[in-house]
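Engineer: Questions regarding the structure given below will be posed in turn.
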Amino acid sequence: MIRLALQTKGRLNEESLAIIREAGIKVEDSKRKLLSRASNFPLEILYLRDDDIPHAVAAGIADIGIVGENEVAEKGFKVDVLQKLGFGKCRISLAIPKGESYQDLSYFRGKRIATSYPNILGEFFTSNGINADIEEIAGSVEIAPAVGIADAIFDIVSSGGTLISNGLKEVEKVFYSEAALIATPGLGGEKGEILSRLLFRLGAVERSRGKKYLMINIPQERIDEAVSILPGMKSPTVLPLAQNGWCSIHTVVGEGELWEVVGALKAIGAEDILVLSLEKMVL
Ligand code: ATP
Ligand code: MG
C-alpha cells in the first residue's frame, strides 16, 4: 500500500482527484474522510492543507503527494519531484503600487516587501544582491501596501486581476509553478513497485490530454502529401479502402493544431473526416 497526500480543499483538490480517477483508481473525495482507501488499487489518500504536504512527504507520513512546486521550493524539505502535472499553473511575482516608476531590481533596495514566500524571495534577492526587508504574512498579501504594512508585495499571480483591483502592477516574474507529484526520497521495495505502476498510468493520462484521434479518407496518390501535413507521432496508419484508389489515414493530433491540419487535409482532397476523442495513449 502506498499513501498519497492531496489538498483537502482549494485550488488543487479537484484536479488532483481527477487525475487519480483518470488513471482508473476509485477514490472518495475529502468530504467523507480525511484518510480513505482506493477500492481497486493499493493506494490510500491522506487529505491535508497544501502547506503541510511537502513535510508529510519528506517525513514519510505520506509516501507521495500532489502539491504546487511553489510550496515545495518554499518549505525546502527534501523530496523527489517525480512529475509535473500540467495544472495549478501560476507564478510568484513582485508587484508595486501602480503609480510608481520602475526601472530594475534596485527599486527594492531597503524596501519592505510583504509575502507568504519569504524563502523563495530571500534567495532571489540574495542572488541578485538586493538587501530588502521581507515581511512574512500568511494571507491577504495584496492589501499590505494600501494599509501601510509594506511598500511592495511578492505574491502568486495567475491572471493579474487581483493586483489591478488593489492598485498594484507586476514588475518582476520570479518563480513559475505548477502542481507536481512528489515522493519521499528513495522509496523502494513494494512501495517503489506500486509507485512505478502509478507513474505508468499517470504518464498515459498526461500523454492523452488534449489529443484527438483523426481519421480521414483520401485518394491513394495524395498519401505522401497528407503524411507531410500530419504532425509528429511516428508515421500515421494507412489502410486500403474497399473502393479502388482510396485509402484511410488514422493518426493522433493535438487539439491546438487540429483545425489547421483538418483544413490542410481537406484542401488536398480528404473526405469523411472524423475526429474522435482519445481515451488513453498508453505508450
Ligand atoms: P490550503 O487551505 O490547502 O492551505 P491555500 O489557500 O494555501 O490552501 P490555494 O489557494 O488552494 O491554497 O492554492 C493552492 C495552490 O494552487 C497554490 O500553492 C499554487 O500552487 C496553486 N495556484 C494556482 N493558481 C493560483 C492562484 N491564482 N492563486 C493561488 N494559488 C494558485
Ligand atoms: Mg496553503
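Engineer: What distance in nm separates the two pseudo spin-label positions at residue 220 and residue 244, each 7 Å out from Cα along the beta-carbon direction?
Structural biologist: Going from the residue 220 label point to the residue 244 one covers 0.9 nm.
Engineer: Then there is this: With a bin width of 5 angstrom, please list the P(r) values of the range 163-283 as percents of all Cα-Cα pairs, from the 0 bin to the one holding the largest distance.
Structural biologist: The percentages, shortest bin first, are 2, 9, 15, 14, 11, 9, 8, 9, 9, 7, 4, 2, 1, 0.
Engineer: Further question: Given 160, 41, 61, which one lies farthest toward the positive end of the charge dipole of the chain, if we put +1 on the Cβ of every Lys and Arg and -1 on the Cβ of every Asp and Glu?
Structural biologist: Value: 41.
Engineer: Can I ask one more? Rounded to the nearest 10 degrees, what's the angle between the helix 189-208 long axis and the longest principal axis of the chain, both from Cα atoms, 0 to 90?
Structural biologist: 70
Engineer: Output the relative contact order of the chain, whole-number percent, from Cα pairs under 8 angstrom with separation of 6+ residues.
Structural biologist: 19
Engineer: Then there is this: Once the other residues with Cβ under 14 Å from the Cβ of residue 255 are scored (Lys, Arg +1; Asp, Glu -1), what is the net sum?
Structural biologist: Neighbour charge sum, excluding residue 255 itself: +2.
Engineer: Please give the charge dipole size of the chain, origin at the Cα centre, charges +1 on K and R Cβ atoms and -1 on D and E Cβ atoms. Round to the nearest 20 debye.
Structural biologist: 640
Engineer: What Kirkwood Rh does the range 50-204 have if only Cα atoms enter the pairwise 1/r average? Answer in Å.
Structural biologist: Kirkwood hydrodynamic radius for the range 50-204: 16.9 Å.
Engineer: Obtain the nm distance between the two label points defined at residue 40 and residue 84 by a simple spin-label model: each point lies 7 Å from its Cα along the Cα-to-C-beta direction.
Structural biologist: 3.1
Engineer: At a Förster radius of 35 Å, what calculated FRET efficiency corresponds to the Cβ-Cβ distance of residue 31 and residue 227, to the nearest 0.05?
Structural biologist: Computed FRET efficiency for residue 31 and residue 227: 0.10.
Engineer: Under a cut-off of 19 Å between alpha-carbon atoms, report the lysines in cross-link reach of residue 31, not counting same-chain residues fewer than 8 places apart.
Structural biologist: 9
Engineer: Can I ask one more? In whole Å, what is the distance between the alpha-carbon centres of the range 164-189 and the range 28-100?
Structural biologist: 10
Engineer: For the range 21-78, just list the percent of Cα-Cα distances falling in each 10 Å bin from zero outward, please.
Structural biologist: 23, 47, 28, 2
Engineer: Continuing with this model, one more query. Give me the angle, in degrees from 0 to 90, between the Cα long axis of helix 258-267 and the longest principal axis of the Cα atoms of the chain, rounded to the nearest 10.
Structural biologist: The helix 258-267 is inclined about 30 degrees to the chain.
Engineer: Moving on. Give the dimensionless ratio obtained when the Cα radius of gyration of the range 1-129 is divided by 2.2 N^0.38 Å.
Structural biologist: 1.31
Engineer: Moving to a separate point now. Taking only Cα atoms, what is the 0 to 90° angle, nearest 10, from helix 118-127's long axis to the longest principal axis of the chain?
Structural biologist: 90
Engineer: A follow-up question, please. For the chain, what is the calculated [θ] at 222 nm in deg cm²/dmol (nearest 500), taking -39500 (n - 2.57) for each run of four or more DSSP H residues and dividing by its residue count?
Structural biologist: It lands at -7500 deg cm²/dmol.
Engineer: Relative contact order (percent) for the range 10-80, with alpha-carbon contacts under 8 angstrom and 6 or more residues of separation?
Structural biologist: Value for the range 10-80: 20 percent.
Engineer: Please give every one of the aspartates and glutamates within straight-line cross-link reach of residue 212, meaning a C-alpha to C-alpha distance under 14 Å, and leave out same-chain neighbours fewer than 8 residues apart.
Structural biologist: Residue 212 reaches 255, 257, 260, 279.
Engineer: Taking only C-alpha pairs under 8 Å that are 6+ residues apart, what is the relative contact order of the range 89-172 in percent?
Structural biologist: Computed value for the range 89-172: 46 percent relative contact order.
Engineer: Reachable lysines from residue 84, Cα under 19 Å, same-chain residues fewer than 8 places away excluded?
Structural biologist: The reachable lysines, counting only those whose Cα sits under 19 Å from residue 84, are 75, 211, 280.
Engineer: Relative to the Cα centre, what is the charge dipole magnitude of the range 8-72, using +1 at the beta carbon of each Lys and Arg, -1 at the beta carbon of each Asp and Glu, and rounding to the nearest 20 debye?
Structural biologist: In debye, rounded to 20, the range 8-72 gives about 380.
Engineer: Need one number: the % of Cα-Cα pairs in the chain sitting beyond the 26 Å mark.
Structural biologist: Tail of P(r) above 26 Å: 58 percent of Cα pairs.
Engineer: With point charges of +1 on the Cβ of Lys and Arg and -1 on the Cβ of Asp and Glu, referenced to the Cα centre of the chain, which listed residue (187, 134, 214) lies farthest in the positive direction of the dipole?
Structural biologist: Among 187, 134, 214, the one farthest towards the positive end of the dipole of the chain is 187.
Engineer: Which residues in the range 7-44 place their backbone N less than 17 Å from a point set 7 Å from the Cα of residue 280 along the Cα-to-Cβ direction?
Structural biologist: Residues 17-27, 38-43 qualify, since their backbone N sits under 17 Å from the label point.
Engineer: OK, next. Rounded to the nearest 20 Debye, what is the dipole magnitude of the range 128-226 about its Cα centre when Lys and Arg each give +1 and Asp and Glu each give -1 at the C-beta?
Structural biologist: Magnitude of the dipole: close to 700 debye.
Engineer: In addition: Counting pairs on different chains as well as pairs 8 or more places apart, how many Lys pairs in the range 90-209 have Cα atoms under 18 Å apart?
Structural biologist: Count of close lysine pairs: 5.
Bear in mind that the values in this text are calculations on the coordinates, not laboratory data. Worth saying up front: this structure is predicted, and the values here are computed from it rather than measured. In this analysis, Cβ positions are derived from the backbone assuming ideal geometry, glycine residues included, and neighbour counts consider all displayed protein chains.
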